[in-house]
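First comes the structure, then the notes that go with it.
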Amino acid sequence: MAAYWWGTISLAAFFAFSSRNSSFLNTDRGSSKMLCPDLVGTWKLIRHHAWLLDEPTDKTFPTGIEAQAIIMYAPDGYMSAQFLPSTRQNSTRDTESESHTAESSSSGAYMAYSGEYYIEEIEDGSLVVSHFARITNVPNLSGVTQKRHLKIEDRADGLKFLTLRSITPIELAGESRIHEVILQRFPDNSDRDKSRQRT
């Protein structure tokens, strides 16, 4: 089940960082579906956690604390995501509850999907990114559109982070939790001379 919150259920949405540094404002708002140049690029997973609505400190890591993922957003409006859960689990609960966390993330299935993406502003002024799974290795994800709140944070050290948060709670192992994914942007690899120096 763990891999599927990312895929078949909407993965989504977004948690508020300091709006002073957030670059989600750099969008073309001339239409209902906007462009966001700051989203373009390749992002690697830093953390995927989930918490109870009535107890935010009760966090679990549904896909493991060492899960790996890469999401790529192209300037032509297409995206690709690859996701590999880990077998190592962790939780802010006590040791007795570790079995529950492991059960909720027992699926180690690799998943991938690619397709169009769109960005829209909703009524409360926040931004939502939609992923349309045109091709995927998960049958019940094919043709599905997933929506997530998003925000991008530019930090003083030059690093850029993308946060995706579920718009509504996702039920997993009998519990409804808000899921959040934090990703870090990879550096630009288009300079071939620099790329050779790193190898």
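Going through Ser130, Ser114 one at a time, which residue ends up being without any contact (Cβ under 8 Å) to a residue 24 or more places away in the chain, under 18 Å from the mean Cα position of the chain (by Cα), over 15 Å from Asp38 (Cβ atoms) and not in a loop (DSSP other than H, G, I, E, B)?
Ser130
Given Thr168, Thr163, Thr145, which one is closer than 27 Å to Asp54 by Cα, modelled with pLDDT of 90 or more, hydroxyl-bearing (Ser, Thr, Tyr) and within 17 Å of the chain's Cα centre (by Cα)?
That would be Thr163, the only listed residue that is closer than 27 Å to Asp54 by Cα, modelled with pLDDT of 90 or more, hydroxyl-bearing (Ser, Thr, Tyr) and within 17 Å of the chain's Cα centre (by Cα).
Residues are listed down the side, and each one gets a yes or a no for (1) free of Cβ contacts under 8 Å to residues at least 60 places away in the same chain; (2) under 25 Å from Glu120 (Cβ atoms):
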| site | (1), (2) |
| --- | --- |
| Cys36 | no, yes |
| Leu39 | no, yes |
| His48 | no, yes |
| Leu52 | no, no |
| Met79 | yes, yes |
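If a residue counts only when it is of a type in the set (S, T, N, Q) and at pLDDT 85 or above, which strands (runs of 3 or more DSSP E) contained entirely in the stretch 13-100 have at least 2 such residues?
Filter on the stretch 13-100 gives 55-60, 78-84.
Annotation note: of Ser190, Ser176, the sole residue that is hydroxyl-bearing (Ser, Thr, Tyr), under 26 Å from Asp38 (Cα atoms) and either exposed (fewer than 15 other Cβ atoms within 10 Å of the Cβ) or at pLDDT below 90 (or both) is Ser190.
Looking across the stretch 133-169, the residues that are among the β-branched types (Val, Ile, Thr) and either outside any strand (DSSP E or B) or crowded, with 18+ Cβ neighbours inside 10 Å (or both) come down to Thr136, Val138, Val144, Ile152, Thr163, Ile167, Thr168. Suppose we keep only residues that are over 17 Å from the mean Cα position of the chain (by Cα) and either assigned to a strand (DSSP E or B) or of a type outside the set (S, T, N, Q) (or both) within the stretch 173-189. Which one would you say is farthest from Lys59 (Cα to Cα)? Applying the filter and picking the extreme gives Asp188. Among the residues here, Gly108 qualifies as modelled with pLDDT under 90 and either surrounded by 13 or more Cβ atoms within 10 Å (Cβ to Cβ) or at negative phi (or both).
Please find, within the stretch 117-132, the residue that is surrounded by the most Cβ atoms within 10 Å (Cβ to Cβ) out of those that are closer than 14 Å to Val144 by Cα and in contact with a Ser or Thr (Cβ under 8 Å, 6 or more places away or on another chain). Step by step, filter the stretch 117-132, then rank; the result is His131.
The values are calculated or read from the model by the stated rules, or taken from the named source; none is laboratory data. Bear in mind the structure is a predicted one, so any value in this text is a computation, not a measurement. Here Cβ is always computed from backbone atoms with ideal geometry, including for glycine, and neighbour counts include all displayed protein chains.
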